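Below is one structure, written out as structure tokens; comments come after it.
The values are calculated or read from the model by the stated rules, or taken from the named source; none is laboratory data. Predicted model only: the values in this text are computed from it and were never measured. Neighbour counts are summed over all protein chains in view; Cβ atoms, including those assigned to glycine, are modelled from backbone coordinates with ideal geometry. The accessibility values were calculated without ligands, DNA or RNA, using every heavy atom of the protein model including side chains. Shrake-Rupley method; radii C 1.70, N 1.55, O 1.52, S 1.80 Å.
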Amino acid sequence: MAAVLPLPVSPAVRQRAHWTDRIAHAVLIAIALALILFLAAPLSVILVQSLETADGAFAGLANFASYLATPALLQSLWNSVWVSLAVTLITVPLAFGFAYALMRSCIPLKALFRTITLIPLLAPSLLSAISLIYWFGNQGAARGLIQMLGVDNIYGAPGVVFAECFAVFPHALMILVTALSLADARLYEAADALGTRTRRKFFTITLPGAKYGLISAALVSFTLVVTDFGIPKVIGGNFNMLATDVFKLVIGQQDFQRGAVVGLLLLTPAVLTFIVDWLVQRKQTAMLSARAVPYRPKPAAGFDAAMTAYCVLVSALMLAMLGMAVFASFASYWPYNLTPSFKHYVLGLVDAEVGDAFVNSLKLAAGTAFFGTALVFVGAYMLEKTRGLDWARPIIRLLAMLPMAVPGLVLGLGYIFFFNLPSNPLNGLYHTLALLVLCTIVHFYTTGHLTAVTALKALDTEFEAVSASLKVPFFKTFWRVTLPICTPALVDIARYFFINAMTTISAVVFLYSPDTKVAAIAILNLDEAGEIGAAAACAVLIAAASTVVTLLFMALGWWIDRRTQAWRQPTPR
């Protein structure tokens with residue numbers, strides 16, 4: 001019998017990447033390089049500056065020791081901490097009460113109340129500071145009222161606290177509304193069956209269910225206040241805070257080393273907030289299971305009346321802040337001649353050349369919305385829907401999440417250190433509108449990225465699997481399938497970029513030139529020049545433009561839903 005010879009074993013054949021995968025890898029690496037160049041590199045330069053002397057020699061921790069040895073700077077640190085804590089302790093309970101009224105009562109006009117409280121998001125944060133000056137300043141309309149409360153002067157800490165409460169309120173409210181919207185009615189039904197009182201249900205069911213939302217709202221509120229620049233600059237007076245100190249050190253004194261130290265101090269609470277929030281989210285358990293019954297509030301005449309009165313009061317305060325800015329912008333000569341006129345608008349837009357700054361703001365917002373949306377969505381698609389390059393994906397995800405932990409003032413500080421270096425090949429971008437667009441995109445990158453990732457994760461991976469099996473390039477699937485389905489998310493991302501670019505101050509305050517000055521910066525300049533009426537007019541214009549653009553985006557979203565999302569609607573029988 002003939003021996004059977006074993007068949008030769010061929011070496012394992014390594015599967016070759018398709019040429020379309022190589023394109024995807026190239027795009028992914030390009031996005032990673034962009035994030036490194038415009039995010040990681042500027043932040044690293046801040047650290048380097050804090051460890052060097054003015055001559056570039058290594059100084060170790062000498063700059064930190066110098067900072068700690070300066071009583072005035074230490075006082076600014078303490079001021080920032082206690083003001084941020086005060087605003088957080090005031091705003092979070094107020095926002096929780098408002099969110100509780102919206103989600104756990106049967107009050108009328110819920111949509112109207114919620115819309116009114118979102119008004120501060122459409123204007124620069126310093127609009128509230130300008131309004132407070134007109135209400136309670138030295139010639140304010142209601143100065144006697146603030147004096148009855150024991151506050152002699154609105155300038156300084158009282159004005160900063162009041163104005164920050166107005167600016168931070170909608171941010172805390174959005175988080176708490178989401179937290180209170182997730183509730184299982186079965187828990188309340190069981191409590192009712194056991195005869196549990198309303199107060200006990202609130203402390204044993206409602207508060208524990210919303211505790212992670214409360215923690216997130218508190219952390220966000222603290223971080224927004226400690227890193228805000230506009231409000232302390234306008235109404236802070238001689239009350240120094242970290243955000244104003246870093247501006248004085250870098251722009252006024254050209255002390256880049258101690259400015260970098262303050263920048264790192266500003267970065268610390270934001271990073272800690274990001275870490276704590278991440279840990280909290282890991283511990284959070286699902287509030288709604290597959291068998292959960294959505295909670296529906298029951299009418300209660302007394303409770304609903306109290307909640308309505310509370311919402312009316314808060315909404316009235318919001319409208320009073322906005323209304324005073326609008327009224328003052330038309331007053332001829334406050335407070336002696338209140339005849340309506342366009343004097344301040346003419347002064348701001350024509351004489352003070354704010355018109356050019358307003359056009360620059362529109363260019364900045366449009367560029368940020370267009371290029372930011374494209375970059376964010378393409379980057380998210382490459383991360384979620386392509387394969388290969390596994391070693392780079394965790395790094396890119398980390399870089400995409402990092403901007404959430406970086407305040408705009410710190411990012412702008414890193415840009416001035418990095419792009420102002422004569423040896424930097426990208427030095428030509430400094431003081432250009434293109435750099436303002438890039439800085440703004442990076443500043444707000446994380447929220448857009450998370451929105452895009454959420455939309456992409458909702459799509460079945462079989463789209464890409466079937467395309468690959470049919471040898472269809474990924475970009476055709478992206479263009480014909482993914483993009484049409486995710487168009488509503490693209491509209492939301494573009495609107496988010498546009499509105500934030502119109503109202504941001506801290507991210508661009510270090511980077512503008514006379515030719516690229518934006519409207520939000522022009523408000524600061526007008527206020528410094530004593531033209532607070534023109535500053536109010538410019539702030540109102542920004543709010544009006546943001547409102548109009550928001551309505552246009554809403555109309556665009558409705559039209560897109562009609563054109564591309566008909567498949568989501570149930571088929572009529």
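One residue stands out among those in the stretch 146-175 that are among the hydrophobic types (A, V, I, L, M, F, W, C) and over 30 Å from Lys110 (Cβ atoms): the one that is most open to solvent (accessible area, probe 1.4 Å), which is Met148.
Yes/no matrix, rows are residues, columns are (1) surrounded by fewer than 16 Cβ atoms within 10 Å (Cβ to Cβ); (2) more than 28 Å from Val350 (Cβ to Cβ); (3) modelled with pLDDT of 80 or more:
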| site | (1), (2), (3) |
| --- | --- |
| Thr503 | no, no, yes |
| Ala519 | no, no, yes |
| Leu524 | no, no, yes |
| Thr547 | yes, no, yes |
| Leu551 | yes, no, yes |
| Thr564 | yes, yes, no |
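Residues in the stretch 197-211 that are within 31 Å of the chain's Cα centre (by Cα) and open to solvent by less than 40 Å² (accessible area, probe 1.4 Å) were compared, and the one that is modelled with the highest pLDDT is Ala210. Of the candidates Val508, Val491, the single residue that is buried (at least 24 other Cβ atoms within 10 Å of the Cβ) and at pLDDT 85 or above is Val508. Condition check for Val234 on (1) open to solvent by less than 40 Å² (accessible area, probe 1.4 Å); (2) hydrophobic (A, V, I, L, M, F, W, C); (3) at pLDDT below 85; (4) within 27 Å of Pro158 (Cβ to Cβ): one failure, at (3).
The single condition among (1) closer than 15 Å to Ser361 by Cα; (2) more than 18 Å from the chain's Cα centre (by Cα); (3) hydrophobic (A, V, I, L, M, F, W, C); (4) crowded, with 20+ Cβ neighbours inside 10 Å that Ala534 does not satisfy is (1).
Within the stretch 484-529, the only residue that satisfies the criterion of being closer than 30 Å to Arg562 by Cβ and assigned to a loop (DSSP other than H, G, I, E, B) is Cys486.
Residues checked against (1) more than 21 Å from the chain's Cα centre (by Cα); (2) part of a helix (DSSP H, G or I); (3) at pLDDT 85 or above:
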site	(1), (2), (3)
Val250	yes, yes, no
Ala270	no, yes, no
Asp277	no, yes, no
Val280	no, yes, no
Phe303	yes, yes, yes
Val314	yes, yes, yes
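Checked against the criterion of being buried (at least 20 other Cβ atoms within 10 Å of the Cβ), of a type outside the set (Gly, Ala, Ser) and part of a loop (DSSP other than H, G, I, E, B), the stretch 121-134 has at least one qualifying residue. Summed over the stretch 414-454, the residues that are closer than 17 Å to Val250 by Cβ and among the polar types (S, T, N, Q) give a count of 1. Considering the stretch 61-70, the residues that are of a type in the set (A, V, I, L, M) and part of a helix (DSSP H, G or I) include one that is most open to solvent (accessible area, probe 1.4 Å), namely Leu68.
Figure legend. Inter-residue proximity from the stretch 377-398: first residues touching a residue at least 12 places away in the same chain (Cβ under 8 Å) and of a type outside the set (A, V, I, L, M), second residues part of a loop (DSSP other than H, G, I, E, B) and surrounded by fewer than 17 Cβ atoms within 10 Å (Cβ to Cβ), beta-carbon distance below 7 Å, spacing 6+ or different chains. Indicated pairs: Gly388/Ala17. Taking the listed residues Gly367, Gly348, Gly302, the one that is small (Gly, Ala, Ser), surrounded by 20 or more Cβ atoms within 10 Å (Cβ to Cβ) and over 30 Å from Val491 (Cβ atoms) is Gly348, with no other qualifying. Residues that are assigned to a helix (DSSP H, G or I) and either touching a His at 6+ places or on another chain (Cβ under 9 Å) or hydroxyl-bearing (Ser, Thr, Tyr) (or both): does the stretch 144-155 have at least one? No, that holds for no residue. Of the candidates Leu214, Leu187, Leu194, Leu180, the single residue that is modelled with pLDDT under 90, open to solvent by 30 Å² or more (accessible area, probe 1.4 Å) and under 14 Å from Gly97 (Cα atoms) is Leu214. The one condition from (1) open to solvent by 40 Å² or more (accessible area, probe 1.4 Å); (2) touching a helix residue (DSSP H, G or I) at 6+ places or on another chain (Cβ under 8 Å); (3) under 22 Å from Ala544 (Cβ atoms) that Ser361 does not meet is (1). Give the stretch 71-94 a look and list any residue that's surrounded by 12 or more Cβ atoms within 10 Å (Cβ to Cβ), more than 20 Å from Phe162 (Cα to Cα) and not aliphatic (A, V, I, L, M), or say none. The answer is Gln75, and nothing else. What do you reckon, is Leu264 of a type outside the set (Val, Ile, Thr) and modelled with pLDDT under 80? Answer is no for this residue. Can you name the residue in the stretch 102-120 that is farther than 21 Å from Ala543 by Cβ and among the basic types (Lys, Arg) and is also surrounded by the most Cβ atoms within 10 Å (Cβ to Cβ) among such residues? Among those that are farther than 21 Å from Ala543 by Cβ and among the basic types (Lys, Arg), it is Arg104. When Val225, Val220, Val250, Val234 are checked against the criterion of being farther than 19 Å from Pro124 by Cβ and not charged (D, E, K, R), a single residue qualifies: Val250.
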